[in-house]
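The values are calculated or read from the model by the stated rules, or taken from the named source; none is laboratory data. Bear in mind the structure is a predicted one, so any value in this text is a computation, not a measurement. A quick note on method: Cβ atoms are made from the backbone with ideal geometry, for glycine too, and the neighbour counts reach across all protein chains shown. Surface areas here come from the heavy atoms of the whole protein model, side chains and all, with no ligands, DNA or RNA. Shrake-Rupley method; radii C 1.70, N 1.55, O 1.52, S 1.80 Å.
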Amino acid sequence: MSSVSPERRREIAEGLDAARSRIAAAEDAAGRPRGSVGLVVVTKTFPAAEVAVLHDLGVRRVGENRDQEASAKAAELADRDLVWHFIGQLQTNKAKSVARYASVVESVDRPKVVAALSRGATAAGRELQCLVQVSLEESGDELDGDAARGGALPDEVPEVAAAIKDAPGLSLGGVMAVAPLGADPGPAFARLAEVATRLQGDHPEASVISAGMSQDLEAAVQHGATHVRLGSAILGYRPPFG
Ligand SMILES: *Cc1c(COP(=O)(O)O)cnc(C)c1O
């Protein structure tokens, strides 16, 4: 594994401290108990050696969005007690690989993916927690395209959730979403909270709300996020299309 310079180590430690302070301040502002919001550090594009530094600093949950990159890092760091969250668009032909190292798959948005993950989890003898990724685009927006961001429409969530619940090797954890680009994240996260409340009516165990990234974690915590996914706020600049 390549080594990490002392300067970079310090930078990562400072980024992590700053992120933890922001989360604590957001919990206070929302009137929520300290420690009620979990942190997933998004490590995509950053080398395994830097993930090891994060682990040294107490981070356990890390998020990745590409199977090839994630599986290599998970193999390299197999001796660390890391919990890998898969947060990227998931093709059915990658599900088998993802099921070997991920513990949480946050980007489940259609029954076909559920079936593929279930086969992968069963083959690997593992249990995967699945979150239903919800599209927060205003209705109609998906027509002009950001379909690449993925996510089930709010009306489709019950079907995807039921499929997860019925699938061997999978458990239903809750919901995940990304705020729409260029829009106020507050109303979008409020819609997500409504979707989560309805889902919990049918499935009380589905308590996870994964929402909030470096730009909008405060709004997400205000609207009930149980987990935030932070990359650039901690690790710094990431080349586009990472
Ligand atoms: C990259 C990514 C993040 C982290 O984004 P930052 O803006 O770097 O905090 C969170 N969630 C998903 C789904 C991502 O792809």
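Before anything else, pin down the relative contact order of the stretch 162-242: Cα pairs under 8 Å, at least 6 apart, normalised by residue count, whole percent.
Reported as a whole number, the value is 26 percent.
Could you do me a favour and compute the accessible area per residue for the stretch 53-121, 1.4 Å probe, result in Å²?
43
Taking only pairs that are 8 or more places apart or on different chains, how many Lys pairs in the chain have Cα atoms under 16 angstrom apart?
Here the count comes out as 5.
From Cα coordinates alone, what are the radius of gyration and Dmax values for the chain in angstrom?
Values for the chain (Cα only, Rg and Dmax): 17.2, 50 Å.
Please give the charge dipole size of the stretch 12-166, origin at the Cα centre, charges +1 on K and R Cβ atoms and -1 on D and E Cβ atoms. Round to the nearest 20 debye.
680
Lys and Arg at +1, Asp and Glu at -1: add these up for the other residues within a Cβ distance under 14 Å of Ile164 and post the number.
-4
Counting alpha carbon pairs within less than 8 Å and at least 6 residues apart, what relative contact order, in whole percent, applies to the chain?
Across the chain, relative contact order equals 20 percent.
Using the reciprocal of the averaged 1/r over all distinct C-alpha pairs, how large is the Kirkwood radius of the stretch 88-140 in Å?
Hydrodynamic radius (Kirkwood, Cα pairs) of the stretch 88-140 is 11.3 Å.
Report, in debye and to the nearest 20, how large the dipole of the stretch 1-94 comes out about its Cα centre when Lys and Arg carry +1 and Asp and Glu carry -1 on their Cβ.
I would put it at about 220 debye.
Carbon and sulfur atoms: what percent of the 1.4 Å accessible area of the stretch 1-112 do they account for?
Of all accessible area on the stretch 1-112, carbon and sulfur atoms account for 48 percent.
For the stretch 83-201, what does the relative contact order come out to in percent, with C-alpha contacts under 8 Å and a separation of six or more?
26
For the charge dipole of the chain, defined by +1 on Lys and Arg C-beta atoms and -1 on Asp and Glu C-beta atoms about the Cα centroid, which residue among Ser3, Gly212, Gln200 has the Cα displaced farthest towards the positive pole?
With unit charges placed on the Cβ atoms, the residue in question is Ser3.
Accessible area of the stretch 190-238 with a 1.4 Å probe: how many percent of it is carbon plus sulfur?
Numbers: 1090 of 2080 Å².
About 53 percent, which is the carbon plus sulfur part of the accessible surface.
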